[in-house]
Amino acid sequence: QTAKSGADTPHSKVFMDDSKNDDGPEMTPERLKELLDRSGFAFRGFDQSNLGKTPELLAHQIYGPTVEKHLLGASMIASDVLGREVDLVARVRERRAETLADYGESIALIVSVEMAQLELLHEFFGIEYRSAPLALGYSLGEVAALVASGVYSIDGVLTPLLALSDDMVSQAEDVRMGIVFSRGPEMEFSAVERLCLEITNQGHGTIAISSYLSPNTVLVLGQRGTLDELKAAVKGRFAKGTNVKENKDRWPPIHTHITRQKHIPDRAAVMMERMPGGFTAPQPNILSCVTGSMGYTDINSRDLLNRWVDEPQRLWDVVEQTISSGVELLIHVGPAPNIIPATMQRISQNVQQQLAAKTWVGLGKRAVSRMVRRPWLTKVMSAKTNLLRAPFIQEVILEDWLLAQMP
């Protein structure tokens with residue numbers, strides 16, 4: 001899931017931030033291949049709109065057959081599990097708008113398109129995803145990363161997701177999303193967690209954090225009037241400048257305890273016991289938004305996927321570790337990637353503003369920024385200081401990059 005707070009949502013571009021790339025060479029296939037061992041792949045999750053440039057890729061004279069193959073395969077899986085006809089090829093060609101009722105189809109569409117983009121990258125440019133040092137994915141994107149990294153097949157992971165998708169849709173009817181953010185000091189997450197538990201304890205519905213987006217922003221999902229209760233309580237209990245902004249769309253309550261009301265985590269766990277695969281460590285390894293760390297092994301993916309259902313996404317921890325890892329290029333996979341590119345761009349802009357400040361602090365940070373360009377120094381610097389690397393990490397939106405090439 002992603003949340004658009006009314007700002008900070010960039011339009012898709014081949015390069016997310018031109019200021020990062022103007023001084024460097026053009027991102028040709030040769031250059032991308034050269035940077036592969038210093039690159040990360042970021043997979044997007046579910047959003048209200050999930051087509052991106054897929055219609056253009058499907059209509060492409062060279063790419064089209066590969067994209068169609070993946071869409072047809074996912075259509076067959078979805079049709080079988082959902083018990084109704086699903087035609088993702090027609091949906092993409094017609095640019096059909098999605099609704100909440102199409103949640104299951106959207107899941108199948110996103111994962112299949114992400115796999116198609118990686119195959120195009122390999123087939124036509126000789127760039128192998130598994131040669132990169134790391135991957136990450138927000139929400140559904142982490143599931144896609146497990147498929148791409150060889151842990152599960154696409155039909156294996158889609159089956160439980162699709163089987164439970166209609167129940168997720170039914171739960172979304174009375175769920176509202178809010179973004180709690182502070183314009184002042186760093187937010188005390190435990191205070192927000194406590195407030196959500198207190199409101200839930202009143203018995204009017206469950207409200208919980210679904211994602212930690214940044215040090216001063218969390219995404220919450222609440223049933224019925226619980227979001228209004230949260231808004232009222234925040235004004236009296238949090239520092240000035242702390243606000244709650246509501247997103248008017250309806251969202252399945254994934255990554256929260258709300259899913260427990262229909263026993264979705266337990267049902268998913270039972271389905272995953274017999275899910276083929278899951279006995280191989282991912283290659284590349286995956287920074288998990290469940291744990292906020294590089295925690296996958298050859299035997300724990302089922303456990304992490306089960307926790308993925310009802311535990312909040314630790315996006316900020318993963319983004320911070322990605323920046324600290326030393327990668328020089330981040331490749332965004334999927335149709336119209338949103339939240340990870342937006343987060344990276346926001347950090348870069350904030351760092352650049354700080355470095356431009358005409359103060360002694362700014363001068364000191366400019367000196368540090370020259371240091372973080374040196375890989376040997378990166379290893380001995382703290383994670384907070386490593387955030388200064390953000391403006392120097394190049395970013396590629398894979399669907400745009402593919403369309404800009406001449407294979």
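Think of each Lys and Arg Cβ as +1 and each Asp and Glu Cβ as -1; about the Cα centre, that makes the dipole of segment 138-203 roughly 200 debye. By the rule of a C-alpha distance below 19 Å, with chain neighbours fewer than 8 residues away ignored, the aspartates and glutamates paired with residue 231 are 174, 186, 188, 193, 198, 246, 249.
Semi-axes of the equivalent ellipsoid of the chain are 31, 30, 19 Å, computed as sqrt(5λ) over the eigenvalues of the C-alpha gyration tensor in descending order.
Annotation: the residues 66, 99, 259, sorted from fewest to most other C-beta atoms within 10 Å of their own C-beta, follow the order 99, 66, 259. Spatial offset of segment 131-210 relative to segment 22-83 amounts to 23 Å, using the alpha carbon center of each. Between the listed residues 254, 163, 121, the Cα displaced farthest toward the positive end of the dipole of the chain, a dipole computed from Cβ unit charges relative to the Cα centre, is found at 254.
Relative protection proxy for 286-297, 213-224, from highest mean packing down: 213-224, 286-297 (other beta-carbon atoms within 10 angstrom). Panel order for 147, 81, by other beta carbons found within 10 Å of each beta carbon, from fewest to most: 81, 147. Amide H contacts of residue 41: 134, 135, 136, 331, each under 5 Å away and 5 or more positions distant or on a separate chain (H built 1.01 Å from N in the peptide plane; Pro and chain starts excluded). Candidates 152, 141, 195 compared by Cα position along the dipole of the chain: farthest toward the positive end lies 195, with charges placed on Cβ.
Ignoring aspartates and glutamates fewer than eight residues from residue 262 along the same chain, the ones with Cα atoms less than 12 angstrom from its Cα are 166, 167, 310. On full extension, the segment bounded by residue 224 and residue 263 gains 12.1 nm, given 0.36 nm per residue less the C-alpha separation.
Within segment 174-249, the proportion of C-alpha pairs whose separation exceeds 22 Å stands at 12%. The listed peptides 25-31, 347-353, ordered by packing as a protection proxy, come out as 347-353, 25-31 (highest mean of other Cβ atoms within 10 Å first).
Bear in mind that the values in this text are calculations on the coordinates, not laboratory data. What you see is a predicted model, and the numbers here were worked out from it, not measured in a lab. Here Cβ is always computed from backbone atoms with ideal geometry, including for glycine, and neighbour counts include all displayed protein chains.
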